[in-house]
Ligand code: FES
Ligand code: FES
């Protein structure tokens, strides 16, 4: 039986009827059309489905949509500002942190969440923060550099 | 990957939760962080008819230190446990265990309750908790019982929790001066790992340079459940810590372990690693004990 | 300072903003009205005769729109190489591995499609199965394919020079056997596709592929429709690394179901199905013997290799050739003999993966070279330098090193890693190792025998002259080819990068063989450059006429017209441009712009379209199989890796990596580094963690990214990347490959570093803690 839930996604309120067995990632992607959140494994191994839920980055493939009822969600679509790219996104572009791009939304969100908690992280902290987000393309180095670059820019 | 169909309940209080669990019985599973349960349901290993979500119950997210005890709400996530100052300072091995679990994303979902109840032999919470002598509180509408974690695990995926019960709380004793613990995990990668072997050790000394009064060694992934290492512990009692002593305890713990061969590693290797990791965990425990002046 | 205006820079990638904001569309992000969802039924058994398939219950399930089996699909054989078309879309007589495809379903939603699959009843008679090379080649072993005795899907026997004589002249002869493990490419985006027939019977397939061109041809062949009626469009792709280099049953099923139902059909592989489909790195068992003189001079090499290949040939013929031919360099080797056998087993088919066929051979040999260096008392760097090839050398198997900065790479990593202070001088448990490697810049020949161009490119100017629209069939799969092509076009045309717009990955636009064998920069790059030059010539011609000066006096640079012979009065052109554009926001001032010139050209000739094309000339020797390994150019790489080994647990930590790569001219420096870092990361995973594991019945035990372990951000160290730029005569602006050559040295450099740290040689991958621990224990005995 469908249930009515309320989500606040990227500062916008939604009321949706969902089945209990629908995951948050599927509702975001297929019901709300927020396809920036990716699915690489669907069992919590890769981090490509990362969203920020109540301030914390989580694997949205492991969260039921009903569990998210009443919670505040940020997806990659909510990172871009009205004025253009978020500084973190600028750093990802400038530093060459993006190759195939499939891990990128999750990486950006994990990184953003880190910088919100810890504006001046060291390399080990950066690497730990993105250690649940697999990237097969970059070897991580330029992603780490991008996060560092953004931290420098924003705390200068 | 689709989930099978199920009914869903979302109690707001423990009382309500116990009620629902009691009414629904056998085919129900409690859903905490979901990092094990949802995966098993997607893989069609489990298909409960009903899920009772515990994540909205505030009582399960409290900590309380009074009466010489330290109580941890079982609904706290691994990340919350890992970052809690009180745990970092007093129960460093627990904090360490919590921060080794899965990945940062998983740690924001996975709870202590879930990690204990899913009873994976290689799980990260049981060894440090058992080393600290933890008990768990199991609640149902007909009352509550307190069970030592030593007795809690029955086999892979199996515990003595009854279908209508909820694991609500972990109870630890306040640490005495000159006692402390260590936790070491060995995996192939640096993170996102199921332990090949993990070991936690606890010691209490009768003074900064004194002998070992009590010792607990807990071995993970080398038996159907996390194991205490009785002969390893025995070897330590009444002795002054030394390299030779730790070597002896390590060897004895290896003897106590009951590893099997599987595709992640051989029994032989795991046994040898129990030896190495026990020594290292004990070393950490002794250092922690010596600096714990409380 | 670079002599170039656009290339050889760190221009940000054109696709990065879209990808960083989540706006970039991958195939599962697309949907079409009325779209159905498809799913595939796969065999639970490794080897079995199919007695009966009953689809009646599935067909009658409400919501099911079509069920197809071999009966509906027909039995057209396909595969990668026409010499081994050994697959049909669905199995008809028997299944050959756990995961072999039997049927597909289209339904109104995925849930219904999955339910329908469970209602298809298949009766099997189980057959004995073979899972290893040994079992498969044993006398009397069950055959997977009746016409391939001893289950050998392809074999190669080659000798260059006189190996026997070479060994006779050798002072030291060394033999080792080396084994890697089956890999998975573990790209982050599982395969997906969306197929649609229009009302005129024309098919459009959106798919996550590296090779729209080959997919188009295979789909056309299997469905029996003309190539011209199939359009394959590649949206953004979340990585490929090889396994997305061939048409999949997923793509063909979606097309067939779309045809049968008349509705668009979407299909995805789950992560587990990605593992089942596989087509990734083979397992190679190499036995290698090398003969050297006392001074380290290489005299002869014999290489025998068995490849565990899985149930079908896929890329296997090429693979088995590559695992021999890629040892021809980068050292001067006069005599080489190779015997390769690719063997069918009842496991998922292996295919191509980054460093196709050469990675295990390279690891085996580079490790053996280090063993020889130790025996001879030579520094491993010195041994390599004594034998190193350089520009102009041709290998004994006739691979032409038209440019080769191998020596420079070795010296760069030696110095960049502080090798001399470290090798053999670190504390127990710490060590450094070096290795080299090279790879093709595009296969010399297409997969099917043809005189086809490997790439054609169209560049069109917008009517206002302001934008060059680059149309190509090449496949941006994350490596950065769109940006590279835009940079090459901008450079060749003399305009700004921001004035180029790329549309790619669509078979309707142009011909391109796709993203494999590190071919896009060189091959598509050539075609792009030629197309840009064609456009430039046309614009210059018109402008020259307007200004009454000779065309040779005109050039473009950074979007401006350059008059080589001093000032020219262009006021007439400008005036007429301004008159044409009354009310436009950009009345030009100052120098005459390309845009004005291009507008003039449009007014004179209509839309300005330039085309370019590329195919390599005749390459390689005349012997059988000489085509595999040929390339217009070779990139090369040397690496030094520094490790710490926990002597008690056997756990290896990679502390530092130094990589020098000769990529010819680096078109985009950041992208070149990105390819180097990514290659090393993949090589590191293969060296330390990665192995697809099976149970005794041929079922994969770790078909997920939790238990199939690729490096995380905490495993991979920073890489010191050093770009060595040779000037490749056969490359556009001197450019050549970087995407695969860089993975070649990684595994052996790690193996050699682990030896330096522990004193133990380990000849089997991956170097899990247990394997290293055992080796250390063994050595103690
Ligand atoms: S898709 Fe959720 S972690 Fe991989
Ligand atoms: S950029 Fe491709 S997975 Fe990270």
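Some notes on this structure:
- Filter pass, residue A:9 being away from ligand 1 (no atom under 14 Å from the Cβ), within 11 Å of chain C (Cβ to nearest Cβ) and within 15 Å of the chain's Cα centre (by Cα): no
- Region A:118-134, subset in contact (Cβ under 8 Å) with a residue 12 or more places away in the chain and at the interface with chain C (Cβ under 7 Å from one of its Cβ atoms), residue nearest to ligand 1 (Cβ to nearest atom): A:134
- Per the conditions (1) under 27 Å from the mean Cα position of the chain (by Cα); (2) more than 14 Å from every other protein chain (Cβ to nearest Cβ); (3) in a loop (DSSP other than H, G, I, E, B), the sole criterion not satisfied by residue C:3 is (1).
- There is at least one residue in region C:704-714 that is more than 16 Å from ligand 1 (Cβ to nearest atom) and over 22 Å from the mean Cα position of the chain (by Cα).
- Close Cβ contacts (under 6 Å, 6 or more residues apart or on different chains) running from residues in region C:704-732 that are farther than 19 Å from residue C:679 by Cβ and at the interface with another protein chain (Cβ under 7 Å from one of its Cβ atoms) to residues that are away from ligand 1 (no atom under 16 Å from the Cβ) and in a loop (DSSP other than H, G, I, E, B) comprise C:714/B:190.
- Residue check for residue C:201: crowded, with 20+ Cβ neighbours inside 10 Å and either assigned by TED's automatic domain parsing to the domain that holds residue C:373 or away from ligand 2 (no atom under 16 Å from the Cβ) (or both): no
- Residue check, residue B:248 touching a residue at least 12 places away in the same chain (Cβ under 8 Å), more than 23 Å from the chain's Cα centre (by Cα) and more than 14 Å from chain C (Cβ to nearest Cβ): yes
- Some residue of region C:710-725 being assigned to a loop (DSSP other than H, G, I, E, B), in contact with a strand residue (DSSP E or B) (Cβ under 8 Å, 6 or more places away or on another chain) and modelled with pLDDT under 95: yes
- The number of residues in region C:479-518 that are in contact with a strand residue (DSSP E or B) (Cβ under 8 Å, 6 or more places away or on another chain) and either without any contact (Cβ under 8 Å) to a residue 40 or more places away in the chain or assigned to a loop (DSSP other than H, G, I, E, B) (or both) comes to 16.
To keep it simple, each residue is scored yes or no on (1) surrounded by fewer than 16 Cβ atoms within 10 Å (Cβ to Cβ); (2) more than 14 Å from chain A (Cβ to nearest Cβ); (3) at negative phi.
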| position | (1), (2), (3) |
| --- | --- |
| C:28 | no, no, yes |
| C:41 | no, yes, yes |
| C:52 | yes, yes, yes |
| C:83 | yes, yes, yes |
| C:95 | no, yes, yes |
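- The listed residues are B:79, B:30, and the only one of them that is within 14 Å of chain A (Cβ to nearest Cβ) and within 15 Å of the chain's Cα centre (by Cα) turns out to be B:79.
- Being part of a loop (DSSP other than H, G, I, E, B), more than 14 Å from chain A (Cβ to nearest Cβ) and crowded, with 16+ Cβ neighbours inside 10 Å holds for only one residue in C:113, C:103, C:129, and it is C:129.
- Taking (1) more than 8 Å from every other protein chain (Cβ to nearest Cβ); (2) over 30 Å from residue B:176 (Cβ atoms); (3) touching a residue at least 24 places away in the same chain (Cβ under 8 Å) in turn, residue B:70 satisfies each apart from (2).
- Taking each residue of region C:280-309 that is over 17 Å from residue C:182 (Cα atoms) and looking for partners that are surrounded by 24 or more Cβ atoms within 10 Å (Cβ to Cβ) and at pLDDT below 95 with beta-carbon atoms closer than 8 Å, six or more apart or interchain, yields nothing.
- Residue selected from region A:37-52 under the condition over 9 Å from the mean Cα position of the chain (by Cα) and touching a residue at least 24 places away in the same chain (Cβ under 8 Å), by the criterion farthest from ligand 2 (Cβ to nearest atom): A:45
- The one condition in (1) part of a strand (DSSP E or B); (2) within 16 Å of ligand 1 (Cβ to nearest atom) that residue C:195 fails to fulfil: (2)
- Summed over region B:82-100, residues that are surrounded by 24 or more Cβ atoms within 10 Å (Cβ to Cβ) and within 14 Å of chain A (Cβ to nearest Cβ) total 1.
- Pairing each residue of region C:675-693 that is more than 9 Å from chain A (Cβ to nearest Cβ) with any residue that is modelled with pLDDT under 95, provided the two are 6+ apart or on different chains, yields C-beta distances under 7 Å for C:693/B:263.
The values are calculated or read from the model by the stated rules, or taken from the named source; none is laboratory data. In this text, all values refer to a predicted model and were calculated from it rather than measured experimentally. Glycine also receives a Cβ, built like all others from the backbone with ideal geometry; neighbour counts cover every protein chain displayed.
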